[in-house]
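Report on one structure; see the data block that follows.
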Amino acid sequence: MVPFLTAENVLAAVSPERAVDGVREGFIAYAKGEWTMPPRSSVAAYSERRLPRHAGSAQATATLKWVTVLPVNLERGLPTVKAIVLVSDAETGMPVACSRARR
């Protein structure tokens, strides 16, 4: 079963300092060509709806962030931007974690 990580799970497991270090390490890996991230792309949607997706891969993992941007949700009392992040093993393609981005 693929673990679904909540924001609380992540905050409990990773200190803000470690998160900053991880982001720094990610930028360094990207600069060294150890991490790839193709340009963002979007799925065609209706007028005010955007459905961008972001992908990236390193030696061990591949990630996909699926985002929905729906300004009309304000009228519904719902968040306008929601995202899910899926992390997979880069060698086998098997999902290893999923998380909902908090906004």
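The values are calculated or read from the model by the stated rules, or taken from the named source; none is laboratory data. Predicted model only: the values in this text are computed from it and were never measured. Here the Cβ positions follow ideal geometry from the backbone for every residue, glycine too, while neighbour counts run over all protein chains shown.
Data for the structure
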item	result
Hits in segment 77-103 - residues which are within 22 Å of Ala7 (Cβ to Cβ) and loosely packed, with under 12 Cβ neighbours inside 10 Å	Gly77, Leu78, Arg103
Given (1) in a strand (DSSP E or B); (2) of a type in the set (A, V, I, L, M); (3) at pLDDT 90 or above, number of the condition Leu78 does not satisfy	(1)
Inter-residue pairs, beta-carbon under 6 Å, first closer than 15 Å to Val81 by Cα and in a strand (DSSP E or B) and in segment 39-61, second of a type outside the set (S, T, N, Q) and at pLDDT 80 or above, 6+ apart	Arg50/Val69; Pro52/Val67; Arg53/Trp66; His54/Lys65
Residues of segment 24-38 that turn out to be assigned to a helix (DSSP H, G or I) and surrounded by 10 or more Cβ atoms within 10 Å (Cβ to Cβ), as a count	7
Segment 1-12 residues that are surrounded by 11 or more Cβ atoms within 10 Å (Cβ to Cβ), paired with ones that are assigned to a loop (DSSP other than H, G, I, E, B) and of a type outside the set (Phe, Trp, Tyr) (beta carbon under 6 Å, 6 or more apart)	Ala7/Arg102
